[in-house]
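The values are calculated or read from the model by the stated rules, or taken from the named source; none is laboratory data. These figures come from a predicted structure and were not determined experimentally. Neighbour counts run over all protein chains shown; Cβ positions are idealised from the backbone, glycine included.
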C-alpha cells in the first residue's frame with residue numbers, strides 16, 4: 001500500500017532535521033608540523049568528530065609554512081583541487097618572532113587555495129610555556145592570526161584562545177608539554193575548535209574520543225571549545 005504524508009508533517013520533519021544539523025561533508029587538507037601530527041594527528045581527531053569528512057595531513061616536524069611553500073610539494077597537492085578547506089598551522093614561534101615571513105607565507109598559500117575554490121583556515125596555536133619571555137603569548141599569537149585572517153578573509157580557528165580558557169578554568173588539566181606540543185587532551189581541544197569553526201556546529205554532545213578519557217573531561221573540552229567560538 002502506498003503511503004502519503006500530510007505536507008505540514010513533511011515540512012515539520014525537514015525543520016527538525018535542519019535544527020539537528022546535517023552531518024558535515026568536506027575534504028580537509030592539513031599543512032603544519034609536529035603540532036599537527038602528534039597524538040595520532042589533528043586530522044584524525046577532526047575526522048572522528050565529523051565522521052563523513054575526508055582528511056589528509058602534510059606535516060613535517062619543525063617546519064614553517066615558508067618551508068612548506070619553498071618545498072613545493074604541498075602546493076602541488078593544493079593544485080590537484082577538490083579541497084574544501086586547507087588548514088594552515090605555522091611553527092609555533094614564527095607568527096610572533098618572524099611575523100613578516102608568517103604573513104608572506106599565508107598570502108602565498110591563500111592565493112593558491114582560493115584559485116582552486118577552497119577556503120583557507122588559520123589554526124591559531126597556543127602559548128608556549130618555554131617561550132613566554134620571548135613574547136610568544138596567547139595575546140600576541142592571537143593578534144597575528146586574527147590580523148591575517150581579517151586581511152585574507154580566512155577562517156581563524158582560535159585554538160590558542162581555547163587553551164587559555166581551559167587553563168583558567170581547570171589549571172590542573174595539562175594541555176601542553178613545556179615546549180608547547182599538545183597532550184592528547186590538547187589535540188582533542190584543538191580538534192573541537194576546528195570542528196566548530198569549519199562546520200558552524202557546536203562540538204558539545206559529540207560522543208567521539210579515541211583514547212581513554214573520562215567523559216567529564218571530554219565534555220569539559222567540548223564546552224570550552226563551544227564557549228570560545230560563541231556557541
Original post:
If you go through the stretch 89-120 one residue at a time, how many are surrounded by 20 or more Cβ atoms within 10 Å (Cβ to Cβ) and over 15 Å from residue 140 (Cα atoms)?
Top reply: 8
Original post:
Would you pick out the residues in the stretch 121-146 that are free of Cβ contacts under 8 Å to residues at least 60 places away in the same chain, under 25 Å from residue 84 (Cβ atoms) and crowded, with 23+ Cβ neighbours inside 10 Å?
Top reply: 122, 124, 145
Subject >> Among the residues listed as 51, 56, the single one being surrounded by fewer than 17 Cβ atoms within 10 Å (Cβ to Cβ), touching a residue at least 12 places away in the same chain (Cβ under 8 Å), more than 15 Å from the chain's Cα centre (by Cα) and over 21 Å from residue 152 (Cβ atoms) >> reply: 51
**OP:** For residues that are touching a helix residue (DSSP H, G or I) at 6+ places or on another chain (Cβ under 8 Å) and either assigned to a helix (DSSP H, G or I) or on the phi > 0 side of the Ramachandran plot (or both), scanning just the stretch 76-87, find the one that is surrounded by the fewest Cβ atoms within 10 Å (Cβ to Cβ).
**Re:** 79
Original post:
Could we say that residue 157 is under 19 Å from residue 128 (Cα atoms), in contact with a helix residue (DSSP H, G or I) (Cβ under 7 Å, 6 or more places away or on another chain) and free of Cβ contacts under 8 Å to residues at least 40 places away in the same chain here?
Top reply: no
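If we keep just the residues of the stretch 178-215 that are without any contact (Cβ under 8 Å) to a residue 12 or more places away in the chain and not in a helix (DSSP H, G or I), which is farthest from residue 136 (Cα to Cα)? If you could, list the steps in order and put the result at the bottom.
Start the filter on the stretch 178-215 by keeping residues that are without any contact (Cβ under 8 Å) to a residue 12 or more places away in the chain, which leaves 200, 207, 212, 214-215.
With not in a helix (DSSP H, G or I) added as a condition, the list becomes 200, 207, 212, 214.
Numbers: 200: 29, 207: 34, 212: 31, 214: 31 Å.
Taking the candidates together, the pick is 207.
Sort out which residues of the stretch 21-75 are part of a loop (DSSP other than H, G, I, E, B) and within 20 Å of residue 221 (Cβ to Cβ), and write them in order of number. Full working, then the answer.
First, pick out the residues of the stretch 21-75 that are part of a loop (DSSP other than H, G, I, E, B): 21-26, 33, 41, 50-53, 60-64, 72.
Result: 21, 24, 41, 50, 51, 53.
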Subject >> Complete set of residues in the stretch 155-174 that are surrounded by fewer than 23 Cβ atoms within 10 Å (Cβ to Cβ) and assigned to a loop (DSSP other than H, G, I, E, B) >> reply: 170, 171, 172, 173, 174
**OP:** Read through the list (1) closer than 27 Å to residue 25 by Cβ; (2) at pLDDT 95 or above; (3) within 17 Å of the chain's Cα centre (by Cα), then give the number of the only condition that residue 209 fails.
**Re:** (2)
